[in-house]
1. Remind me, relative contact order of the chain in percent, using alpha carbon pairs under 8 angstrom and six or more residues apart?
2. By the gyration tensor of its Cα atoms, with a ≥ b ≥ c the square roots of the eigenvalues, what is the shape of the stretch 35-203: rounded for a/c under 1.5, prolate for a/b over b/c, or oblate?
3. Whole number please: convex hull volume per residue, Cα atoms of the chain, in Å³.
4. How many Å³ per residue does the convex hull of the Cα positions in the stretch 112-191 occupy?
5. So, R0 is 35 Å and r is the distance between the beta-carbons of Arg260 and Asp313; what FRET efficiency does that work out to, to 0.05?
6. Tell me the Rg and the Dmax, in Å, that the Cα atoms of the stretch 209-330 produce.
7. Could you list log10 I(q)/I(0) for the stretch 186-247 at q = 0.19, 0.20 Å⁻¹, which the Debye formula gives when each Cα is one point scatterer?
8. What value, in deg cm²/dmol to 500, does the helix sum -39500 (n - 2.57) over DSSP H runs of n ≥ 4 give at 222 nm once divided by the residues of the chain?
Amino acid sequence: MKGLHLVVFAIAFLCALVGCGGGGGGGGSSLPPTSTTITGQIEVPAVDAGLLGSVNYTTDKTLLQKIADSGTCTVNGKSTAFSLVPATHFFTISEIPVASFYEVKFTYEGVELRLIAPHSSTYITRKINLSSTAEAMLIDHYGVDKNTLSSFAVKDEWKDLLAGNLLTQYTKSGTTRNAFDSFFSTEMASFTNNVNLDALLSPIVDISGTWKTAIPMKYYTLNGLGERAAEVTANATLTIKQSGNNLSGTLELDVISWTRVPNSDPGYTPIDEGIAMTGTISSTRVALKGKFTSAELETTSGLMRGKLINTDDYANLGVETDENGLNLVKQ
């Protein structure tokens, strides 16, 4: 028995020296993440039968169902399992090995939707649509280093132009895959001849963090007719998270005082508001959208200036400002 006690003591002594890991112990260092999840919504156009064999899937819902049932997905060239709910357009791709960027392709017969996104976290939310597909096509055509995509993005004007041409070709009656490929071979050659790389890309300004008004701002609530009802003096705080050129955050409006606009029914008493917003940044242009209110802003590294816009055409529950009525300073 004495010998057994000595053995137990020796084991305990060694554990004290080198550290014996117990389940859930807090002393060990955590390992870096090894996988990423990409999730978001897929937007697809109606597509002519020539690109989809003998059946014409004329709505996004039917095409999404076909992608969900028998489409393929690759991430960085490797076939990957995915889930897609056509009713909500919501997709999820899990267990993706961590990389500096992720090139996602959803394919069904003659239709391909793409996304190239830089690594920003282990849970990335992005939309995959004709705009993201156009951006990926331009990145490939110009040979843009995908490892730089956390610092640069294709300008919206070029993405929108190519996405519009994609939509035209996808919905053109009688389009075949050969005709589709031939058209875009010519289209990309035209880009090369007319748009150089510097004109194609814009640097992504990092606006993550908290922005506040240095002096109180003025905004307006609206009545049921969309007329200005109350002039509100408030402090504003915009908190932003940025992933590449995608933004999310909250705009808080803290009311100081308000007055009724002459000859108008104020409708309701203005109160403090917290508006959840998502959007994008392209070069120095910031576009944010909330449930009833959107924002259009220009930014530098330390200043942001622009306006708020009511986007609720039904009940006018959003707010608005004059041009350049919102001025924010980085904290």
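We did not get these values from a lab; they are worked out from the coordinates using the rules stated. From a predicted model like this one, the values you see are computed outputs, not experimental measurements. Ideal geometry is used to build each Cβ from the backbone, glycine not excepted, and the neighbour counts take in all protein chains shown.
1. 12 percent
2. oblate
3. 237 Å³
4. 96 Å³
5. Once rounded, the FRET efficiency stands at 0.90.
6. 14.0, 46
7. -0.85, -0.88
8. Using -39500 (n - 2.57) per qualifying helix, the result is -7500 deg cm²/dmol.
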